[in-house]
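In what follows, a structure is listed as structure tokens, so that the remarks can point back to it.
Read the figures in this text as sums done on the coordinates, not as results from a lab. Everything numeric here is computed off the predicted structure, so don't read it as measured data. When we count neighbours, we look across all protein chains shown, and the Cβ atoms used for this are built from the backbone with ideal geometry, even at glycine.
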Amino acid sequence: MPSQPVTAAIRGRLLSFTRAPAGPGDLDCLTYHEDGLLLVGADGRIAAVGSWEELRGQVPEGVTVDDHGGRLVLPGFIDTHIHFPQTQVIGSYGTQLLDWLEKYTFIEEQKYADPAHAAANAAFFLDELLRNGTTTAVVYGSVHPQSVDALFAEAEARGAGLIAGKVMMDRHAPAALTDTAESGYRDSKALIERWHGQGRQRYAVTPRFAITSTAAQLEAAGALLREHPGVHMQTHLSENTDEIAEVRRLFPAARDYTDVYDRFGLLGPTSLFGHCIHLSEAEMARLSESGSVAVFCPTSNLFIGSGLFDLDALSAGRRPVRTALATDVGGGTSYSMLRTAAEAYKVLQLRRRNLPALAALHWMTRGNAEALGMAGEIGSLEPGRWADLVVLDSHATPAMNHRMETVDGDLEEELFIQVTLGDDRSVAATYLRGRSSHLRQ
Ligand SMILES: [Zn+2]
């Protein structure tokens, strides 16, 4: 019997990964209950997972079973790189990275100095994540600490766990968007003290990228990591060839772009590097050796025209780099991790390799949880994990429904249809800590 009193019960086709799949057809990598029941304890964590027949007797009187019938119930999706102040930059026309920052993003992010604007957009941001089945995200705020306060407050009120940080940026941006090495350090430290470990919230030290931080600021970011073990670090690395040339010019003493971060102590197992598209062998070796994570943001890489993530090179046997999958809204064009996986599939096709459905769904759940060092908390349907769930409807649209007519009980084929045709419309419901936090109309 569960140790906590059971306060919620969710019935459906329960699917969760126990490890990464070796390839297509490797169904041993998951646990699957065709008619399953998940029990949630009063603490918001999963109390038990099993078949309906096995567990139905443990539903206490007075607890209504949320019956999702033939729909799939998975661990909530995890987005490992997204920008909170770019919800109104998404879908901006006609630029590549450096011009895109100048023309759109550095204008938009100035609005987040206003706490009321930040609070209103935090509500929209959380709504949109949950509508897309994303229950944990790693988030860039604006340079203003109040943007991160607004975001964490909204997440905590809803029971969602975020990893977020205030952008550190002390040069090459409008004056209204820059901090200094000292104020960036001081404001980040205050946010860590206020939010890291507060409820479900965690902090990520967030230097935007090498172009917008001086050596003194990168040094301060390294100090924050040393002084606060367990916080994450997030930044951008090797996204665009013009960016790389500019980093070379700004840091002539560094061996390469990765070395700019390395020399300030920013590599390591809690460090997330967005993009990692144009890395040299030496850079990949250093990321591997340090346990750092390369974050693949396919809709962004295609939309801004940055390049094709080289998963084969990064996964090479002798020095594999840990990887994660992410939307990168607003350079990315969708909040949906399903749409993101569909674009990842296409990028890898152009690299002459495939992305099996099992690998895609593992990546956005347990795989991303492992990349964050949080697999003991989120990413799988196991007792003790947070009851953060997404319910997927494989008949959500006419096109999906029509295609499903040809699927004769083949689970892997159904999952591939979710990955290629699914989006927010196929998310029937989302749960945080066992409580319904989104129900599709
Ligand atoms: Zn980004």
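Enumerate the lysines that Lys346 could reach by cross-link, defined here as Cα to Cα under 30 Å, with residues fewer than 8 away along the same chain left out.
Within the straight-line cut-off, Lys346 pairs with Lys103.
If I take every Cα pair under 8 Å that is 6 or more residues apart in the chain, average their sequence separation and divide by the length, what percent do I get for the relative contact order?
This gives 19 percent for the chain.
Given only helices, namely DSSP H runs of n ≥ 4 each adding -39500 (n - 2.57), what is the per-residue ellipticity at 222 nm of the chain, to the nearest 500 deg cm²/dmol?
It lands at -9500 deg cm²/dmol.
By DSSP, what percent of the beta bridges with both residues in the chain are antiparallel, rounded to the nearest 5?
That works out to approximately 45 percent antiparallel.
Which peptide among 221-228, 363-370 comes first, and what is the full order, when sorted by highest mean count of other Cβ atoms within 10 Å?
Highest-to-lowest ranking by the protection proxy: 363-370, 221-228.
Among all the lysines, which ones have a C-alpha under 16 Å from Lys189's C-alpha, if same-chain residues fewer than 8 places away are not counted?
Here the lysines satisfying the reach criterion relative to Lys189 are Lys166.
With the Cα gyration tensor of the chain in hand, give its eigenvalues times 5 under a square root as the equivalent ellipsoid semi-axes, listed largest first in whole angstrom.
Whole-Å semi-axes of the equivalent ellipsoid: 36, 24, 20.
Expressed as an acute angle from 0 to 90° and rounded to the nearest 10, what is the orientation of the C-alpha long axis of helix 241-250 relative to the principal long axis of the chain?
It works out to around 40 degrees.
Pop out the ³J(HN,Hα) list for segment 179-195 in order, Karplus 6.51 cos²θ - 1.76 cosθ + 1.60 with θ = phi - 60°, rounded to Hz; leave Gly and Pro as x.
My calculation for segment 179-195 gives 9, 10, 4, 6, 5, x, 5, 5, 5, 5, 4, 5, 5, 4, 5, 7, 10 Hz in order.
Measure nothing but the geometry: give the 0 to 90° angle between the long axis through the Cα atoms of 411-421 and the longest principal axis through the Cα atoms of the chain, rounded to 10°.
40
Rounding to the nearest 10 and keeping the result within 0 to 90°, find how far the Cα-based axis of helix 337-350 lies from the longest principal axis of the chain.
70
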